[in-house]
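The values are calculated or read from the model by the stated rules, or taken from the named source; none is laboratory data. For clarity, every value in this text was computed on a predicted model and none was experimentally measured. Side chains are part of the model used for accessible areas, which takes the heavy atoms of the whole protein and leaves out ligands, DNA and RNA. Shrake-Rupley method; radii C 1.70, N 1.55, O 1.52, S 1.80 Å.
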Amino acid sequence: MAEIPADHPRHDSLVTRHRIEAGVEKGITSKQGLVAQGRGEAFDYLLGEETTPSADAAERAAAAYLLLAEHPVLSVNGNVAALVPGEVVALAEVVGADVEVNLFNRTEERMEAIAEHLREHGASDVKGLTADARIPGLEHERAKVDRDGIYDADVVLVPLEDGDRAEALAEMGKTEIVVDLNPMSRSAQTAAVPVVDNIIRALPSVTEHARELRAASREELEEVVAEFDRDAALEAAERRIRQGDLD
């Protein structure tokens, strides 16, 4: 990757693009992931490329949900693996979550490559390779999950997810935390906790909140969850996009 000057006005955005490009070259990200990244980047620009107060509140609620969960799972696709592998591992360690690879364009080679990439960043156990269960109501390879992973989870973090898969997981009764820069997407609209933020900011923020809340009582965590208003969070994000200052 060519060195990008730290004072370049698009430094963070360019670094992110290069991570996706490197992911394609390494075989962990599909070419379609490049298109998805560009779409997300456009929404991030409209949001001001910062974590808004409503997004921070969602990230705090996400941390509380994960800490309350009996079996939390973090779902990882190619873009997530390319952008925030270490951050996924760090969050999983703090909240005691499993990490599971799930792909739309699934091949055994990509699954193995992503699992190894996560191991290189500290993951001790990566689920998704067994694929001994299916998400009801979904066709295609992304319906495949591990029975002792996503299939059995009560809370699932599904960042950068397809809308119909998010809907199918919700139909299974799972509490979904979605990271999506488009508050109007089906994924965000389906989620119990829609985090409208760039994943490179969102995951470290959720982890930081989880560390702060780890010593909290169950009652205190439940209060954080109860105080979160998903509809207000979505409305605030959409309002920011429509009315934000782009100067």
**Request:** Might you work out the accessible area of residue 45 for me, using a 1.4 Å probe with all protein chains in place, and round it to the nearest 10 Å²?
**Result:** 110
**Request:** Rounded to the nearest Å, what's the spacing between the alpha carbon centres of segment 70-95 and segment 38-65? Just the number, please.
**Result:** 17
**Asked** How much of the DSSP beta bridge set in segment 106-247 is antiparallel, as a percent to the nearest 5?
**Response** 25
**Request:** Counting only C-alpha contacts under 8 Å and six or more residues apart, can you give the relative contact order of the chain as a whole percent?
**Result:** 24
**DSSP-defined antiparallel bridges as percent of all bridges, the chain, nearest 5** = 10
**Prompt:** Pick from 194, 72, 53: which is most flexible by mean-square fluctuation in a GNM of the chain where alpha carbon atoms under 10 Å apart are linked?
**Reply:** 53
**Fill in**
Counting only protein heavy atoms and rolling a 1.4 Å probe, one gets per residue an accessible area for segment 29-163 in Å² of 40
**Item:** DSSP bridge orientation in segment 36-155 - percent antiparallel, rounded to nearest 5
**Value:** 25
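Considering only protein heavy atoms and a probe of 1.4 Å, how much of the accessible area of the chain is carbon and sulfur, as a whole percent? Walk me through the numbers on the way to the answer.
Values: 5370 of 11550 Å².
The computed percentage sits at 47.
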**Fill in**
the chain, Gaussian network, Cα under 10 Å: of 133, 153, 188, the residue fluctuating most is 133
